[in-house]
Each structure stands twice: as structure tokens, then as C-alpha cells.
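All remarks here apply to the structure that follows.
The values are calculated or read from the model by the stated rules, or taken from the named source; none is laboratory data. The model shown is predicted, which means the values in this text are computed figures rather than measured ones. When we count neighbours, we look across all protein chains shown, and the Cβ atoms used for this are built from the backbone with ideal geometry, even at glycine.
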Amino acid sequence: MKETLKPGIRYEHKFIVPQSKTVPALYPEFDEFVAMPEVFATGFLVGFLEWTCIKAINPHLDWPQEQTVGTHIDISHEAATPPGLEVTATVELITVEGRKLVFTVEAHDGIDLISKGRHERFVINKKKFDAKLVIKKNSV
């Protein structure tokens, strides 16, 4: 981690919601999902907020040796967003506790605030992390 990884880092990221990021596309193998409205899926919203946090802090890490993984998310999903609308996520790093990073997150679709909350990420050493996954996989 670089010395520049400090609270106060803000980042804004934009994304036009495609059909492939709607609820029916989340789990197309389940009829219940396929029958649901074609709006930005909460699962994909979570990924978009994570992506924005990653983009915010990667310049402050020794990328790609250091990376971050999501460890907690507490967000609302307040409004439906149809495909074709542009969603803007705004994140701010508010706490750095060792390797634990805490962000405030928010997303807007140009009409409504669609999400707000907090997200935690943890800085990892990619090689060590991957080695632990190999051990876990081989224990099955």
C-alpha cells in the first residue's frame, strides 16, 4: 500500500446499463428471475459499486501484486433503472484500518438516487491469496 492510501479519496464512475445487467440476466437458468422486470439487478449494482471502489484505490496500491476483495456491503436499492440509462456511482474512502478499507457509496441514474450505503474491502497480496485458494480447493 502506498502512503497516498488515505481517507478522503473520492471517485466517480459512469456506466450505461445494458440488457445483460438486468434481473432476468442475473440467473437466466431460473424461471423466477427470467419472469422478473428488466431493470438493473441489485447483484449487478453491487458489482458496479465494487468496481468503482476498486478504480478509486488501485492507483494507491502496488497493483497488481496488491488487490482488494469485498468483505461487507450494506446498501439500499431505492429505485428501478431500465436499460439504456446511465448510472453514476460516487464513492469515498472514509476509513483505513490497516488493510481494511471502508467506503461510503452512492449511485444515481440521472433521475433517481438508486443506492446509498457503505462497503468494506480488504487489501490482499494476490500470490498469498491464490496460494490459500489452492490449498482450500485441494482439501475437498
Would you point out the residue of the stretch 105-140, among those that are at pLDDT 95 or above and assigned to a loop (DSSP other than H, G, I, E, B), that is nearest to Asp62 (Cα to Cα)? Asp109
Apart from one, (1) assigned to a loop (DSSP other than H, G, I, E, B); (2) closer than 29 Å to Asp130 by Cα all hold for Thr68; the odd one out is (1)
Looking at (1) touching a residue at least 60 places away in the same chain (Cβ under 8 Å); (2) farther than 15 Å from Phe40 by Cβ; (3) of a type in the set (D, E, K, R), find the lone condition where Glu86 falls short. (2)
Count, please, the residues in the stretch 72-83 that happen to be loosely packed, with under 12 Cβ neighbours inside 10 Å and within 16 Å of Gly47 (Cβ to Cβ). 2
Pairs please, first residue from the stretch 97-111 and β-branched (Val, Ile, Thr), second anywhere and outside any strand (DSSP E or B) and at pLDDT 95 or above, Cβ atoms under 6 Å, 6+ apart in sequence or on different chains. Val105/Leu49
When you go through (1) under 11 Å from the mean Cα position of the chain (by Cα); (2) β-branched (Val, Ile, Thr); (3) part of a helix (DSSP H, G or I) one by one for Ile57, which number turns out not to apply? (1)
